[in-house]
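Enquirer: Would you mind keeping the following structure in view while I ask a few things?
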Amino acid sequence: MSSVSEPIIELRNISKRFSSTQDVVGRLATRLGLAKQPPVVHAVDEVSLRIMPGEVVGLVGESGCGKSTLGRIVAGILPASSGTVLYRGKDVAQLPTRERRRAKLKTQMIFQDPFASLNPRMRVSEIVGEAPRVHRVVSNDVEAYVSEQLHRAGLDPSYRRRFPHQFSGGQRQRIGIARALAVQPEFLVCDEAVAALDVSIQAQILNLLLDLREQLDLTYLFISHDLGVVQHLSDRVVIMYTGRVVEEAPSGEIFSRPNHPYTQGLLAEIPRLDLRKRRFSAIKGEIPSPLNPPSGCHFHPRCPHAMPRCSVERPVLREIAAGHRSACHLNDMDAAEPLPAGAAAGRA
Amino acid sequence: MTVTSVTDRNSPTLEVQDLKTHFFLKGGVLRAVDGVSFTVGRGKILGLVGESGSGKSITGFSIIGLIDPPGRITSGRILFRDRDLSKLSEKEMRQLRGNRIAMIFQDPMMTLNPVLRIDTQMVEAVLAHDKISKQEARARARDALGMVGIPSPEERLSAYPHQLSGGMRQRVAIAISMLHQPDLIIADEPTTALDVTIQAQILAEVQKLARDHGTALIWITHDLSVVAGLADEVAVMYAGRIVEQGNVDSVLDRSLHPYTHGLIGSVPSQNRARKRLVQIPGMTPNLLDLPPGCAFRSRCAHADMACEQDPPITTPEPNHALRCFHPQREYAA
Ligand SMILES: Nc1ncnc2c1ncn2[C@@H]1O[C@H](COP(=O)(O)OP(=O)(O)OP(=O)(O)O)[C@@H](O)[C@H]1O
Ligand SMILES: Nc1ncnc2c1ncn2[C@@H]1O[C@H](COP(=O)(O)OP(=O)(O)O)[C@@H](O)[C@H]1O
Ligand code: SF4
Ligand code: SF4
Ligand SMILES: [Mg+2]
Ligand SMILES: [Mg+2]
């Protein structure tokens, strides 16, 4: 992989805030100043991220931590509340309309639930062929083009006339992949793309994604809560916790030398085929509410190493080794002193 | 196929013998469970694994007596502490259910009533089987919530299910299953949708229950890695039958059935990073038109003419049994 080129996607200080849903009366009351402002969910909180061409970046975190929201911002289907998205070095918001549309087309998304994301009333040929036709990726013989896409995703092209409900879960995920690839993207955001599938089908889809990456020089942002899958697939891993990136490193590095206490706890709990009759234990406490996240370091109520400073000061994400970044105050202490080896740290 | 280890023999909590649960449909007979046998000893955990549609849930529903027409248990015995559950009346079954036997469903809303507060439901569940005061019942409910790692359980008691996240709802359902410290819990993929840290909390509680109260567990899942860390025994199901079973180490380290090999090979792991995973070709068969013989043969690299007959049960080592004509030591590449 070339590491000299510029990132294909770069996020600078991206935040996304949702105000929680209010009914019409509530909105009116707020507008008239009769009710207080609705609570705000800080789904993504000042995230910066660079993804190089050809990389597979795994994005990991507990549910509700903002992975999907970040993925949708990367894919250009959700606007950020603040911050900058750069596509091949250019601020997407500043691009002329035509170029912006092109950049968006080059980034496609694959979703967890292959059924919900496919229009049940459209035939496979329309699902896969519509976007390439509209965007003039292909001008003549759309049918032949669709067949080629289906074939590449491992589906028999004779299924073209069928509807989504006539397929199994794994086959539907292949349709989703064929649809995404039909517009000839460079970058795929896969959001829990194999989470709903049986292990054997999951293996087929993971193999397909690895093959396609090689054939088509694709770059992936692979969102998953399954650390085994992420470890299998990723070159680099990004760990999120309530809206923030807390650690980021090459895959081998993060699994062998996790730095952040949250990452250490997370990795200690990966179920593994070779570990028998384990004593399960877990990071104590509850996943914090994004409506009201803890002060300072979001992880401090659950962190075994928390210090007074942790509840007041947000730790910055900074480099602790080549390509390895972590956001924890422990790294500011005597640099020569190794991290207190959390019981979890040495497990991998 | 029954494997009884020496230690369990004196006190199996559950013994399932040749269970068959069939669905009588317009298109024919669907043999969802077709001759399944296993035992679970006191305080032991059996991992029941297999792809979706292999009959895992129906096995669980059969034990707990939740099979409705057109489905029916057509044969076999389900001995729970020496009583045959398949012979009990619905009333007798209701007395056991939620009390001595509990089930945790994949979807927590199978357990929870959406219109009732958590405390109402939990107190009701306690009082259904124990004659104690409402206050005592409420205290027990609160303790159970604490046990599954729910913070400020007192406050959560007055919540409605929709006010909790999916993971929290599942933990409430698990807490309800533990209210009476049952002798047997059947857990149907209860942690599949949960994050690893929450999953680990729940697995820790489940282990404690087995250890401290001798609760026997059937843990249904398609995640072999969870089973590896949790179970004493493993049964691998395919198309309504157990194709390989035994001690967790025998089945995972010395598996002999081609299907088990395929399942193990398809688990992503560190040592195979960025390499292709083993793929089991094809798909699970339609149970409605299942021809006789080994149901795996359309996907099996070792299938031959012999496999058109039902494979016999063989026992290559103590506490390890399988159904296959051509047991394989090595993976088929
Ligand atoms: N529409 C909404 N507006 C604002 N906040 C919400 C909304 N829906 C859920 N929340 C809050 O966001 C957080 C996450 O809730 P959510 O239902 O998404 O859980 P989850 O992340 O799916 O968890 P689990 O994996 O356990 O199901 C909770 O604190 C919840 O109260
Ligand atoms: N449209 C929305 N309205 C309100 N809140 C939302 C919306 N989308 C996401 N959120 C909230 O933002 C947070 C992050 O969501 P998401 O990115 O979907 O998490 P993940 O994918 O990591 O599970 C959650 O707390 C969720 O409730
Ligand atoms: S900053 Fe403090 S609370 Fe946060 S992870 Fe580091 S030690 Fe723990
Ligand atoms: S009996 Fe034959 S078809 Fe079935 S698993 Fe064994 S070798 Fe394969
Ligand atoms: Mg999500
Ligand atoms: Mg099931």
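The values are calculated or read from the model by the stated rules, or taken from the named source; none is laboratory data. Note that the structure is a prediction, hence the values are computed from the model and not measured. Reconstructed Cβ throughout: ideal geometry from the backbone, glycine too, with neighbour counts over all protein chains shown. Calculation scope for accessible area: heavy atoms of the full protein, side chains included, ligands and nucleic acids excluded. Shrake-Rupley method; radii C 1.70, N 1.55, O 1.52, S 1.80 Å.
Enquirer: Here is a list of conditions, (1) open to solvent by less than 70 Å² (accessible area, probe 1.4 Å); (2) touching a strand residue (DSSP E or B) at 6+ places or on another chain (Cβ under 9 Å), and B:Gly98 meets all of them except one; can you say which number that is?
Expert: Condition (2) is where B:Gly98 drops out.
Enquirer: Would you check if A:Asp45 is within 16 Å of ligand 1 (Cβ to nearest atom), over 25 Å from A:His232 (Cβ atoms) and modelled with pLDDT of 90 or more?
Expert: Numbers: within 16 Å of ligand 1 (Cβ to nearest atom): yes; over 25 Å from A:His232 (Cβ atoms): yes; modelled with pLDDT of 90 or more: yes.
Yes, satisfied.
Enquirer: Filter region B:271-292 down to the residues that are in a loop (DSSP other than H, G, I, E, B) and modelled with pLDDT under 75, then identify the one that is most open to solvent (accessible area, probe 1.4 Å).
Expert: So the first thing to find is which residues in region B:271-292 are in a loop (DSSP other than H, G, I, E, B), and the list is B:273-286, B:290-292.
Of the ones still in play, those that are also modelled with pLDDT under 75 are B:273-274.
Working: B:Ala273: 31, B:Arg274: 99 Å².
The extreme case among them is B:Arg274.
Enquirer: Still on this structure, I have one more. Only one of A:Gly83, A:Gly89, A:Gly71, A:Gly58 is in contact (Cβ under 8 Å) with a residue 60 or more places away in the chain and near ligand 2 (Cβ under 9 Å from one of its atoms). Can you tell me which? It would help to see each step written out before you state the result.
Expert: Numbers: A:Gly83 fails: near ligand 2 (Cβ under 9 Å from one of its atoms); A:Gly89 fails: near ligand 2 (Cβ under 9 Å from one of its atoms); A:Gly58 fails: near ligand 2 (Cβ under 9 Å from one of its atoms).
Only one candidate qualifies: A:Gly71.
Enquirer: Take the conditions away from chain A (no Cβ under 14 Å), open to solvent by less than 50 Å² (accessible area, probe 1.4 Å) and out of contact with any Lys or Arg (no Cβ under 8 Å at 6 or more places or on another chain) and apply them to B:Ala128. Does it pass?
Expert: Details: away from chain A (no Cβ under 14 Å): yes; open to solvent by less than 50 Å² (accessible area, probe 1.4 Å): no; out of contact with any Lys or Arg (no Cβ under 8 Å at 6 or more places or on another chain): yes.
So B:Ala128 does not fit the description; no.
Enquirer: Say whether the condition of being open to solvent by 30 Å² or more (accessible area, probe 1.4 Å), touching a residue at least 24 places away in the same chain (Cβ under 8 Å) and either within 12 Å of chain A (Cβ to nearest Cβ) or small (Gly, Ala, Ser) (or both) is met by at least one residue in region B:248-268. Write out each step before concluding.
Expert: First pass over region B:248-268, keeping only residues open to solvent by 30 Å² or more (accessible area, probe 1.4 Å): B:249, B:253-254.
Then drop every residue that is not touching a residue at least 24 places away in the same chain (Cβ under 8 Å), which leaves B:254.
So of that shortlist, the ones also either within 12 Å of chain A (Cβ to nearest Cβ) or small (Gly, Ala, Ser) (or both) come out as none.
No - not one qualifying residue is present in region B:248-268.
Enquirer: Being outside any strand (DSSP E or B) and more than 8 Å from chain A (Cβ to nearest Cβ) is the filter; apply it to region B:223-237 and report the residue that is farthest from A:Ala203 (Cα to Cα). Steps first, please.
Expert: Residues of region B:223-237 that are outside any strand (DSSP E or B), as a first pass: B:223-232.
Imposing the further condition that a residue be more than 8 Å from chain A (Cβ to nearest Cβ) reduces the set to B:227, B:231.
Details: B:Val227: 18, B:Ala231: 23 Å.
In this case the residue turns out to be B:Ala231.
Residue-wise test of (1) of a type in the set (Ser, Thr, Tyr); (2) within 13 Å of the chain's Cα centre (by Cα).
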| residue | (1), (2) |
| --- | --- |
| A:Leu188 | no, yes |
| A:Asp191 | no, yes |
| A:Ser200 | yes, no |
| A:Leu210 | no, no |
| A:Arg213 | no, no |
| A:Ile223 | no, yes |
| A:His232 | no, no |
| A:Asp235 | no, no |
| A:Met240 | no, yes |
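Enquirer: Any idea which residue in region A:290-312 is most open to solvent (accessible area, probe 1.4 Å), counting only those that are more than 15 Å from ligand 1 (Cβ to nearest atom) and of a type in the set (A, V, I, L, M)?
Expert: Step by step, filter region A:290-312, then rank; the result is A:Val312.
Enquirer: Sticking with this one: Just to be sure I understand, how many residues within region A:215-240 are of a type in the set (Asp, Glu) and at pLDDT below 90?
Expert: Keep residues of region A:215-240 that are of a type in the set (Asp, Glu), which gives A:217, A:226, A:235.
Next cut, at pLDDT below 90 only: A:226.
Residues in region A:215-240 being of a type in the set (Asp, Glu) and at pLDDT below 90: 1 in total.
Enquirer: Another one. Does B:Ile198 satisfy the criteria of being outside any loop (DSSP other than H, G, I, E, B), within 16 Å of ligand 6 (Cβ to nearest atom), surrounded by 23 or more Cβ atoms within 10 Å (Cβ to Cβ) and on the phi < 0 side of the Ramachandran plot? First the steps, then the outcome.
Expert: On the way: outside any loop (DSSP other than H, G, I, E, B): yes; within 16 Å of ligand 6 (Cβ to nearest atom): no; surrounded by 23 or more Cβ atoms within 10 Å (Cβ to Cβ): yes; on the phi < 0 side of the Ramachandran plot: yes.
Spelling it out, it is not the case that B:Ile198 is outside any loop (DSSP other than H, G, I, E, B), within 16 Å of ligand 6 (Cβ to nearest atom), surrounded by 23 or more Cβ atoms within 10 Å (Cβ to Cβ) and on the phi < 0 side of the Ramachandran plot.
Enquirer: Sticking with this structure for a sec: Residues that are of a type in the set (Val, Ile, Thr), at least 1 per element: which helices (runs of 4 or more DSSP H) completely within region B:72-185 meet that? If you could, list the steps in order and put the result at the bottom.
Expert: Values: elements: B:90-96, B:118-127, B:134-147, B:153-157, B:166-178.
So the answer is B:118-127, B:166-178.
Enquirer: For B:Gly98, state whether it is within 16 Å of ligand 4 (Cβ to nearest atom) and more than 14 Å from chain A (Cβ to nearest Cβ). Walk me through it before giving the result.
Expert: Values: within 16 Å of ligand 4 (Cβ to nearest atom): no; more than 14 Å from chain A (Cβ to nearest Cβ): yes.
The answer is no for B:Gly98.
Enquirer: Please count how many residues of region B:141-151 are in contact with a helix residue (DSSP H, G or I) (Cβ under 7 Å, 6 or more places away or on another chain) and either open to solvent by 70 Å² or more (accessible area, probe 1.4 Å) or of a type in the set (A, V, I, L, M, F, W, C) (or both). Even if it seems obvious, please write down each step before you answer.
Expert: Step one: list which residues in region B:141-151 are in contact with a helix residue (DSSP H, G or I) (Cβ under 7 Å, 6 or more places away or on another chain), which gives B:141-142, B:144-150.
After this cut, where a residue has to be either open to solvent by 70 Å² or more (accessible area, probe 1.4 Å) or of a type in the set (A, V, I, L, M, F, W, C) (or both) as well, the list is B:141-142, B:144-145, B:147-148, B:150.
Residues that pass the stated criteria total 7.
Enquirer: Additional query: Residues in region A:175-187: is at least one within 16 Å of ligand 2 (Cβ to nearest atom) and open to solvent by 20 Å² or more (accessible area, probe 1.4 Å)? So that I can check it myself, show each step before the final result.
Expert: Keep residues of region A:175-187 that are within 16 Å of ligand 2 (Cβ to nearest atom), which gives none.
Within region A:175-187, none of the residues are within 16 Å of ligand 2 (Cβ to nearest atom) and open to solvent by 20 Å² or more (accessible area, probe 1.4 Å).
Enquirer: Going residue by residue through region A:162-171, is there one that turns out to be of a type in the set (D, E, K, R) and under 30 Å from A:Cys65 (Cα atoms)? Can you show your working first?
Expert: Residues of region A:162-171 of a type in the set (D, E, K, R): A:162.
If we keep only those that are under 30 Å from A:Cys65 (Cα atoms) as well, we get none.
No, region A:162-171 contains no residue that is of a type in the set (D, E, K, R) and under 30 Å from A:Cys65 (Cα atoms).
Enquirer: Sticking with this one: With respect to B:Arg211, determine if the residue is within 16 Å of ligand 4 (Cβ to nearest atom), open to solvent by 10 Å² or more (accessible area, probe 1.4 Å) and among the basic types (Lys, Arg).
Expert: On the way: within 16 Å of ligand 4 (Cβ to nearest atom): no; open to solvent by 10 Å² or more (accessible area, probe 1.4 Å): yes; among the basic types (Lys, Arg): yes.
Here the answer is no, as B:Arg211 does not meet what is asked.
Enquirer: Take B:Asp212 and decide whether it is more than 9 Å from chain A (Cβ to nearest Cβ) and free of Cβ contacts under 8 Å to residues at least 12 places away in the same chain.
Expert: Details: more than 9 Å from chain A (Cβ to nearest Cβ): yes; free of Cβ contacts under 8 Å to residues at least 12 places away in the same chain: yes.
Judged against the criteria, B:Asp212 is a match.
Enquirer: Please work out which residue is nearest to the other protein chains (Cβ to nearest Cβ), limiting yourself to region B:293-311 and to residues that are open to solvent by 70 Å² or more (accessible area, probe 1.4 Å) and either touching a strand residue (DSSP E or B) at 6+ places or on another chain (Cβ under 6 Å) or hydrophobic (A, V, I, L, M, F, W, C) (or both).
Expert: B:Ala301
Quick grid of which residues meet (1) outside any helix (DSSP H, G or I); (2) of a type in the set (Phe, Trp, Tyr); (3) more than 16 Å from ligand 5 (Cβ to nearest atom); (4) more than 14 Å from chain B (Cβ to nearest Cβ):
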site	(1), (2), (3), (4)
A:Val41	yes, no, no, no
A:Pro53	yes, no, yes, yes
A:Arg72	no, no, no, yes
A:Gly76	yes, no, yes, yes
A:Ala80	yes, no, yes, yes
A:Glu99	no, no, yes, yes
A:Leu118	yes, no, yes, yes
A:Arg121	yes, no, yes, yes
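Enquirer: Of all residues in region A:76-104, which are at pLDDT below 90 and open to solvent by less than 40 Å² (accessible area, probe 1.4 Å)?
Expert: Result: A:Ala103, single match.
Enquirer: Is it fair to say B:Ser54 is buried (at least 22 other Cβ atoms within 10 Å of the Cβ) and within 16 Å of ligand 4 (Cβ to nearest atom)? Talk me through it step by step, then tell me what you get.
Expert: Numbers: buried (at least 22 other Cβ atoms within 10 Å of the Cβ): yes; within 16 Å of ligand 4 (Cβ to nearest atom): yes.
Spelling it out, B:Ser54 is indeed buried (at least 22 other Cβ atoms within 10 Å of the Cβ) and within 16 Å of ligand 4 (Cβ to nearest atom).
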